[in-house]
2 protein chains.
Amino acid sequence: MAATSARARTQSDRSSEMQQKLIAATIQSLIDKGYARTTAVEVCARAGVTRGALFHHFESLPALIAVALSDTYDRLLLGSRPSEADITIEQWITWAWSRVSQRQFKAVIEIWLASRNDPESTADIQPAIERYKEIFTPSESNPLYKRFGSDKKAGAFYRLAVETMLGLALGRAANPNGAALDHEQIVLDQLCAYAREIDTQ
Amino acid sequence: MAATSARARTQSDRSSEMQQKLIAATIQSLIDKGYARTTAVEVCARAGVTRGALFHHFESLPALIAVALSDTYDRLLLGSRPSEADITIEQWITWAWSRVSQRQFKAVIEIWLASRNDPESTADIQPAIERYKEIFTPSESNPLYKRFGSDKKAGAFYRLAVETMLGLALGRAANPNGAALDHEQIVLDQLCAYAREIDTQ
DNA sequence: TTACATACATTCACGTATGTATGTAAATGG
DNA sequence: CCATTTACATACATACGTGAATGTATGTAA
């Protein structure tokens with residue numbers, strides 16, 4: 001009953017479905033168990049497959065993690081990017097925090113920190129990390145920054161706001177169940193207050 | 001030539017010297033190799049002793065890490081706390097960053113994030129983590145906060161500044177050799193600018 | 001100097017992770 | 001419809017980390 005397209009299950013369908021299952025299981029494992037305990041056994045158990053499937057589609061676990069990171073990147077940050085035309089800094093903060101505060105972002109932080117210490121995986125994962133950082137790193141290729149970067153103070157505040165939100169995200173990641181810090185809203189309100197100062201200037 | 005007090009090496013001397021050696025090796029391993037690769041084997045190799053020594057003085061590796069964390073806490077943060085009498089917020093930021101920017105702080109972040117995911121160690125380490133957070137968490141027991149917390153805006157900024165510095169510290173920890181981010185100084189300058197606004201109010 | 005406690009070193013038994021080699025079922029193409 | 005490839009599962013070899021058991025050296029008190 002379930003699969004209406006059950007008959008058209010081509011090889012390439014099986015492949016991409018399996019890969020998506022493994023990617024989802026990887027991210028969830030990173031959130032639940034952290035980087036060190038995200039093993040091939042753990043990921044495959046969550047996906048309901050054997051390690052044979054993983055090693056068929058990916059060269060190694062770090063290779064899978066790298067793909068999972070890029071996938072999360074696209075899904076979380078690029079998909080819903082606000083139009084750069086007439087956005088205020090306050091609106092940008094609201095948008096950015098709505099992304100960074102997602103549970104999936106803990107997976108990103110885990111990878112940032114832990115993969116750096118893992119020589120077996122750093123070669124695979126580092127390129128994906130660099131891609132990730134671009135969106136928050138002001139540069140000419142970043143349309144949002146071009147909007148704010150012209151003004152010196154706005155540019156400095158842009159970078160400050162990013163670091164503040166990363167600090168809050170780190171606090172969530174280090175908290176038992178990823179719960180928000182008590183003073184999270186206070187910090188965000190203060191950040192928005194500073195943003196409005198610049199917006200109304 | 002080295003040890004002038006070579007003759008007075010009592011048992012308790014040997015113990016505390018060994019414990020200090022193990023603590024130092026643990027912190028350095030956390031900085032160099034991260035939490036997951038800080039094993040009992042690794043720590044003992046750095047300290048130049050066998051695992052027998054470690055397990056003689058500490059119940060387990062997590063227990064040693066917990067002690068190392070508390071030790072770093074005292075050394076890094078409590079030792080040089082500024083006098084709360086007439087400090088400005090800008091001075092406080094300068095002091096706090098001079099602490100958080102130390103390489104040893106990467107060890108703290110590693111523990112914050114990774115030990116949470118390690119059920120074997122969380123019972124040992126969590127109490128030490130709680131101790132750590134107090135100094136940055138505004139509360140009645142925190143003399144620095146009492147100085148700023150009376151003013152609502154100053155209190156909000158205090159918390160914001162902490163999160164911003166933690167974000168910068170995370171960036172350093174995730175960087176190859178713990179190098180500073182390119183825009184670190186820009187963010188700190190902006191933070192100080194906001195601090196002066198409140199100080200001169 | 002004898003008797004004991006403390007401080008370590010050595011060894012081994014065990015669990016768990018990785019990578020690979022081999023087997024089998026499901027698609028695809030002639 | 002059969003040959004071949006693709007997609008997985010199973011089994012095994014290897015490596016590494018932990019913890020406990022046991023052995024040895026060094027300090028300490030009678």
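Each of B:Ala45 and A:His56 was given a label point 7 Å from its Cα along the Cα-to-Cβ line. The distance between the two points is 3.7 nm. In this assembly, the B-A interface accounts for approximately 3500 Å² of buried accessible surface in total, computed with a 1.4 Å probe and without ligands, DNA or RNA. Note on chain A: helix-only mean residue ellipticity at 222 nm, from DSSP H runs of 4+ residues weighted -39500 (n - 2.57) and normalised by residue number, equals -22000 deg cm²/dmol. Contact order for segment B:8-199, expressed relative to its length and based on alpha carbon pairs under 8 Å spaced 6+ residues apart, stands at 22 percent. Ranked by the mean number of other Cβ atoms within 10 Å per residue, highest first, peptides B:26-39, A:186-199 order as B:26-39, A:186-199. Shown in residue order for segment B:62-79 are the 3J(HN,Hα) couplings computed by the Karplus curve 6.51 cos²θ - 1.76 cosθ + 1.60 at θ = phi - 60°: x, 5, 5, 4, 4, 5, 4, 5, 4, 4, 4, 3, 4, 5, 7, 10, 7, x Hz (x for Gly and Pro). Stretching B:Lys153 away from B:Met18 to a fully extended chain increases their span by 43.8 nm, per 0.36 nm per residue minus the current alpha-carbon distance.
In straight-distance terms, cross-link reach from A:Lys153 covers every one of the aspartates and glutamates whose alpha-carbon lies under 12 Å from its own, apart from those fewer than eight places away in the same chain; here that gives A:Glu197, A:Asp199, B:Asp189. Taking each residue of A:29-42 in turn, how many C-beta atoms of other protein chains fall within 10 Å of its C-beta, and what is the average? Counting other chains' Cβ atoms within 10 Å and averaging over A:29-42 gives 2.
Pairs of C-alpha atoms in segment B:150-201 farther apart than 14 Å represent 57 percent of all such pairs. Could you name the lysines whose alpha carbon sits less than 23 Å from that of A:Lys106, not counting residues in the same chain fewer than 8 places away? Cα-Cα hits under 23 Å: A:Lys21, A:Lys33, A:Lys133, B:Lys33, B:Lys106, B:Lys133. For segment B:120-131, putting each phi into the Karplus relation 6.51 cos²θ - 1.76 cosθ + 1.60 with θ = phi - 60° gives couplings of 5, 10, 4, 5, 6, 8, 3, x, 5, 5, 4, 3 Hz, in residue order, rounded to whole numbers and with x for Gly and Pro.
Karplus-based coupling profile of segment A:18-29, in residue order and whole Hz: 4, 5, 5, 4, 5, 5, 4, 5, 5, 4, 5, 5, with θ = phi - 60° in 6.51 cos²θ - 1.76 cosθ + 1.60 and x standing for Gly or Pro. Could you tell me whether segment B:1-112 comes out rounded, prolate or oblate from its Cα gyration tensor? Rule is a ≥ b ≥ c as square roots of the eigenvalues, rounded for a/c under 1.5, then prolate if a/b exceeds b/c, otherwise oblate. It comes out oblate by the Cα gyration axes.
Accessible area per residue for the protein assembly as shown is 47 Å², calculated with a 1.4 Å probe on protein heavy atoms, without ligands, DNA or RNA. Can you give the mean number of other chain Cβ atoms that lie within 10 Å of the Cβ atoms in peptide A:164-177? Mean partner shielding for this stretch: 6. Peptide A:103-113 is shielded by partner chain Cβ atoms: per residue, an average of 2 of them sit within 10 Å of its Cβ. In chain A, the C-alpha radius of gyration followed by the widest Cα-Cα span (Dmax) gives 19.4, 61 angstrom.
For segment A:1-105, the list of GluC sites (Glu not before Pro) that fall in a loop by DSSP and count at most 11 other C-beta atoms within 10 angstrom reads A:Glu59.
Placing +1 on the Cβ of every Lys and Arg and -1 on the Cβ of every Asp and Glu, with no other charges, gives segment B:1-115 a dipole of roughly 500 debye about its Cα centre. Extending 7 Å from Cα along the Cβ direction at B:Ile87 and again at B:Glu130 yields two label points whose distance is 2.5 nm.
Give, to the nearest whole percent, the P(r) tail of the protein assembly as shown beyond 30 angstrom, counting all Cα pairs. When every Cα pair of the protein assembly as shown is considered, 47 percent fall beyond 30 Å.
The values are calculated or read from the model by the stated rules, or taken from the named source; none is laboratory data. Since the model is a prediction, treat every value here as computed from it, not as a measurement. Glycine gets a Cβ as well: all are built from the backbone with ideal geometry, and neighbour counts include every protein chain shown. Ligands, DNA and RNA are excluded from the accessible area calculation, which covers all protein heavy atoms including side chains. Shrake-Rupley method; radii C 1.70, N 1.55, O 1.52, S 1.80 Å.
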